[in-house]
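Colleague: Have a look at this one.
A short reminder: the numbers here are calculations on the coordinates, not readings from a lab. Because the structure is predicted, anything quoted here is derived from the model rather than measured. Note that each Cβ is placed from the backbone with ideal geometry, even for glycine, and that neighbours are counted across all protein chains shown.
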Amino acid sequence: MNMNNVIIKLEDIQKSYFMGSQAIPVLKGITLDIHQNEYVALMGPSGSGKSTLMNILGCLDSPTGGRYVLNGKDVSKMPDDDLATVRNTEIGFVFQQFNLLPRLTAAENVALPLVYAGVNKKDRMERAMEALKKVGLAERSHHKSNELSGGQIQRVAIARAVVNNPSLLLADEPTGNLDSKTSVEVMEIFAQIQASGNTVVLVTHEEDIAAYAHRVVRLRDGLIETDTTKVKQPSLV
């Protein structure tokens, strides 16, 4: 793989939280490269540091040591305002809790990141419809979240995450609130998004969800325990 295509470069990332004067280390030196268009699952037991690592990858938190280069920019020492800009332009987020605004339609929810980016209303709605098409929900664009199923709501959340054409899509337990049939449908959408050129990093504790990824990085006690790349991707059910 061409080393110029490294989208995430982590060098000895450390993160400690302080209780009074006592430092509690959560990440103890994570070094990891993720390339453009990779599909990576982060796994690990509770307390392994995977959620903390996800927050650092998403520029929601800063490391206490080490270096994080995202798409050629060193974000590890950036001030909060600059980090917010990186988050809005480079990263799409999908959470377990969907986080949709109930008063807005599906299309309006999808268009929200474009409001922050200063895109005019006509272009916003066009791009929102395009993103909803990608997740197979164009015909539900005028529905509010109380008129959609859990799986449809998560698809709207995925459309919102990709509407800005981010360099990186981060998904934190994206099927945690869904039944198994709906989980398969949502994971198929992630596979299509990755196949169309996006880089996807997924945090999950479920082996069957991690099986969709092409590479699985397992954390334990704040360190990488194993980093396994599959020879070929699994066929979708």
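Colleague: What's the exposure ranking of GLU225, GLU108, going from fewest to most Cβ atoms within 10 Å?
Modeller: GLU225, GLU108
Colleague: If you don't mind, there's one more thing I want to ask. Measuring from label point to label point, each 7 Å out along Cα→Cβ, what is the ASP74 to ASN165 span in nm?
Modeller: Each label point is offset 7 Å from its Cα along the Cβ direction, giving 2.9 nm.
Colleague: If you don't mind, there's one more thing I want to ask. From the phi angles alone, apply the Karplus equation (6.51, -1.76, 1.60; θ = phi - 60°) to segment 74-91 and give each ³J(HN,Hα) in whole Hz, x where the residue is Gly or Pro.
Modeller: Taking θ as phi minus 60°, the curve returns 7, 9, 5, 10, 6, x, 4, 4, 5, 4, 4, 5, 4, 4, 6, 9, 9, 10 Hz for segment 74-91.
Colleague: Another question, then. Residue by residue through segment 121-138, which ³J(HN,Hα) values in whole Hz follow from phi under the Karplus form 6.51 cos²θ - 1.76 cosθ + 1.60 (θ = phi - 60°), with glycine and proline marked x?
Modeller: 4, 4, 5, 4, 5, 4, 5, 5, 5, 4, 5, 5, 4, 4, 9, x, 10, 4
Colleague: Could you go through segment 205-222 in sequence order and give the Karplus-derived ³J(HN,Hα) for each residue, using 6.51 cos²θ - 1.76 cosθ + 1.60 with θ = phi - 60°, rounded to whole Hz, and x for Gly and Pro?
Modeller: Those phi angles translate into 10, 9, 4, 5, 6, 4, 4, 6, 6, 8, 9, 10, 10, 9, 9, 8, 6, x Hz.
Colleague: Just to verify a number: FRET efficiency for ALA138 and LEU101, C-beta to C-beta distance, R0 = 22 Å, to 0.05?
Modeller: 0.65
Colleague: If you rank PHE18, PHE95, PHE190 by fewest surrounding Cβ atoms within 10 Å, what's the result?
Modeller: With the sparsest Cβ surroundings first, the list reads PHE18, PHE95, PHE190.
Colleague: A further question on this structure: Which value at 222 nm does the chain reach when only helices count, each DSSP H run of 4 or more adding -39,500 (n - 2.57), with the total divided by all residues and rounded to the nearest 500 deg cm²/dmol?
Modeller: Mean residue ellipticity at 222 nm (helix-derived): -10000 deg cm²/dmol.
Colleague: Hey, got the dipole for the chain? About the Cα centre, +1 on K and R Cβ, -1 on D and E Cβ, debye to the nearest 20?
Modeller: My answer is approximately 360 debye.
Colleague: Projecting each Cα onto the charge dipole of the chain (Lys/Arg +1, Asp/Glu -1 at the beta carbon, about the Cα centre), which of LEU148, GLY176, ILE224 comes out farthest on the positive side?
Modeller: Projecting each Cα onto the dipole axis, the largest value belongs to LEU148.
Colleague: Here's another thing I want to ask about it. Which listed residue (SER196, ALA111, GLN97) has the Cα farthest towards the positive end of the charge dipole for segment 3-229, taking +1 on Lys and Arg C-beta and -1 on Asp and Glu C-beta about the Cα centre?
Modeller: Of the candidates, ALA111 comes out farthest on the positive side.
Colleague: Mind sorting VAL26, VAL40, VAL110 by how few other Cβ atoms lie within 10 Å of their own Cβ, fewest first?
Modeller: VAL26, VAL40, VAL110
Colleague: Enumerate the amide H contacts of GLY47 below 5 Å, restricted to partners 5 or more residues apart or on another chain; note that Pro and chain-start residues carry no placed amide H.
Modeller: Those lying under 5 Å, H to H, from GLY47: there are none.
Colleague: For the chain, what relative contact order do you get, as a whole percent, if you take Cα pairs closer than 8 Å and at least 6 residues apart?
Modeller: Worked out over the chain, it gives 27 percent.
Colleague: Moving to a separate point now. Near GLN152, within a Cβ-to-Cβ distance under 12 Å, what is the net charge of the other residues, with Lys and Arg +1 and Asp and Glu -1?
Modeller: 0
Colleague: Excluding VAL119 itself, calculate the net charge of residues whose Cβ lies under 14 Å from the Cβ of VAL119, where each Lys or Arg counts +1 and each Asp or Glu counts -1.
Modeller: That sum, taken over residues with Cβ under 14 Å, equals +1.
Colleague: Then there's this: Mind jotting down the distance between the C-alpha centroids of segment 33-57 and segment 87-166, whole Å?
Modeller: For segment 87-166 versus segment 33-57, the Cα centre distance is 24 Å.
Colleague: List every residue whose amide H lies under 5 Å from the amide H of ALA171, counting only residues 5 or more places away in sequence or on a different chain, with H placed 1.01 Å from N in the peptide plane.
Modeller: It is VAL94, VAL201, LEU202, VAL203, by chain and number.
Colleague: Measure off 7 Å from each Cα along the Cα-to-Cβ vector at ASN5 and THR31, then give the distance between these two points in nanometres to one decimal.
Modeller: Calculated label separation equals 2.3 nm.
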